[in-house]
1. Could you please tell me which pairs satisfy a Cβ distance under 6 Å, a separation of 6+ or placement on different chains, a first residue in the stretch 39-50 that is farther than 19 Å from residue 67 by Cα and assigned to a helix (DSSP H, G or I), and a second residue that is β-branched (Val, Ile, Thr) and near ligand 1 (Cβ under 6 Å from one of its atoms)?
2. Could you tell me which of the residues 382, 361, 321 is modelled with pLDDT of 95 or more, in contact with a helix residue (DSSP H, G or I) (Cβ under 7 Å, 6 or more places away or on another chain) and outside the structural domain of residue 11 (by TED's automatic domain parsing)?
3. How about the stretch 175-190: which of its residues are surrounded by 11 or more Cβ atoms within 10 Å (Cβ to Cβ) and not in a helix (DSSP H, G or I)?
4. For the stretch 13-20, check the following and say yes or no: at least one residue is in the same structural domain as residue 318 (by TED's automatic domain parsing), within 21 Å of residue 297 (Cβ to Cβ), away from ligand 1 (no atom under 11 Å from the Cβ) and over 22 Å from the mean Cα position of the chain (by Cα).
5. In this structure, is residue 352 over 19 Å from the mean Cα position of the chain (by Cα), within 25 Å of residue 298 (Cβ to Cβ) and crowded, with 17+ Cβ neighbours inside 10 Å?
6. Among (1) free of Cβ contacts under 8 Å to residues at least 12 places away in the same chain; (2) among the acidic types (Asp, Glu); (3) in the same structural domain as residue 18 (by TED's automatic domain parsing), there is one condition residue 275 misses while meeting the rest; what is its number?
7. So, in the stretch 375-406, of the ones that are closer than 15 Å to residue 357 by Cα and away from ligand 1 (no atom under 16 Å from the Cβ), which residue ends up surrounded by the most Cβ atoms within 10 Å (Cβ to Cβ)?
Amino acid sequence: MKNPNIVILGAGYGGIITAVKLQKSLGVNEANVTLVNKHSYHYQTTWLHENAAGTLHHDHTRIPIKDVINTSKINFVQDTVTEIKPSEKRVMLENGDLMYDYLVIGLGYEAATFGIPGLKEHAFTIGSINSARLIRQHIEYNFAKYNNEADKKQERLNIVVGGAGFTGIEFVGELANRVPQLCREYDIPREKVRIINVEAAPSALPGFDPELVEYAMNSLEGRGVEFKIGAMIKEVTENKLVFEKDEQREEIPTNTVVWAAGVRGNSLVEQAGFESNRGRTPVSDDLRPAGHDDVFIVGDCALLINEETERPYPPTAQIAIQMAEQTADNLTKLVKGDKHLEPFTPDLKGTVASLGHKDAIGVVFNDKKLFGWSASAMKKVIDNRYLLKLGGPGLVLKKGKLNFFQ
Ligand code: FAD
Ligand code: NAD
């Protein structure tokens, strides 16, 4: 009997951890494992806001796939997936196609723009190394341009961030650190620059611990971030953002809108015909969509309901990694002829969000609240632990965040 073909789409948290685990649990004489990814590198999505603000170089965030994948065991294909055809067990790539016996989909998230006029055309999103690098360069360009124009344009110095979820809050925290450096570099008085965070809900970080939300807002406001809370973004143009608050429309002149107000699963998943809700496909507890026993979905493309809250688990790296580990174990069982798959049970360890270097907030170990340096150190521990899992101590030394006082 021929070896089954296992094809893994995407080398984000979900895809790469599936591949790294399978290269240990299956021999080359048991299965042909192929990992497909757009880029030659894996990136840590959870650090992209730092790259976008310019507080961390993007080379720190990306890891060459060949540094963590043993290419004598896993076939790595650098290509872009264009279509998934479940009925043919085939995946179309820009430069060819692949047949599978088992498919793992880990294609991650896209920005959800909710049809808001002008967003797609004029707003930036933090979605990849390329998009983060573009934001950093765009902000720098506007700072550089400011003093080169006779009519100094305030919109060059107004940076607006849509959404005060974790992404928006983490990003403005980095901007608050970066802007003073940019002001020195480009001879611009700090008070001329505005960092404005616009959030539709009645509070920043809706649903998160109120004491920690207050701590975060005080810390960020203390470093010059302005919040517009209860303010719904309605439109973005080339040089302004329009929002509605208390039934009044207001405008902020700006050339820089970064949309961090929601994510959805990769569109390729719904285009493949899987049932989906904002691009996330409902999966059973073994992470397979109904009627597709040969397909596993991990990470942000999967929609799994938390039985306790009756709500979907949030799309997080923490869950993507755990889903990948479970999927690799279950695939190993299937290849070895055991059809009894283990259910996925998330082990939620908490949430820690950075507010810029040295500051953070978090809830860990069953409701223990952390803030300030201890939360920031915890965030680095979490990040380093992931690198250890992915590539061992060598990778932690190379890419880890080892300075706990910065
Ligand atoms: P991703 O990590 O998005 O990876 C998808 C991969 O698929 C990418 O490598 C991409 O290049 C590749 N890909 C996409 N399309 C194609 C294609 N057509 N062809 C080939 N390859 C393709 N979660 C936490 O738990 N903790 C945090 O601290 C945290 N911080 C975050 C900070 C930011 C700024 C953001 C934006 C998110 C953060 N999250 C955090 C959420 C977390 O990053 C996501 O839940 C996680 O990245 C999802 O992992 P994934 O494997 O599903 O997809
Ligand atoms: P999110 O959906 O969690 O937050 C989006 C925010 O934008 C919400 O507060 C929402 O009210 C607001 N919003 C939506 N439409 C708006 C509009 N028109 N105008 C103004 N505000 C609007 O999205 P996210 O922050 O990108 O997070 C995505 C996922 O990634 C979540 O699961 C999150 O937990 C995870 N994440 C985790 C961390 C961490 O653990 N440190 C960091 C970043 C992201």
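1. Cβ pairs passing all conditions: 48/126; 49/126.
2. Only one candidate qualifies: 361.
3. 188
4. The answer is no; no qualifying residue exists.
5. no
6. Condition not satisfied by residue 275: (1).
7. Looking at residues that are closer than 15 Å to residue 357 by Cα and away from ligand 1 (no atom under 16 Å from the Cβ), I get 404.
Listed here are the residues, each with its yes/no results for (1) away from ligand 1 (no atom under 16 Å from the Cβ); (2) among the β-branched types (Val, Ile, Thr); (3) more than 18 Å from the chain's Cα centre (by Cα).
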site: 106; (1), (2), (3): no, no, no
site: 117; (1), (2), (3): yes, no, yes
site: 122; (1), (2), (3): yes, no, yes
site: 125; (1), (2), (3): no, yes, no
site: 130; (1), (2), (3): no, no, no
site: 150; (1), (2), (3): yes, no, yes
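The values are calculated or read from the model by the stated rules, or taken from the named source; none is laboratory data. Remember, predicted model here, so these are calculated numbers, not experimental data. Neighbour counts are summed over all protein chains in view; Cβ atoms, including those assigned to glycine, are modelled from backbone coordinates with ideal geometry.
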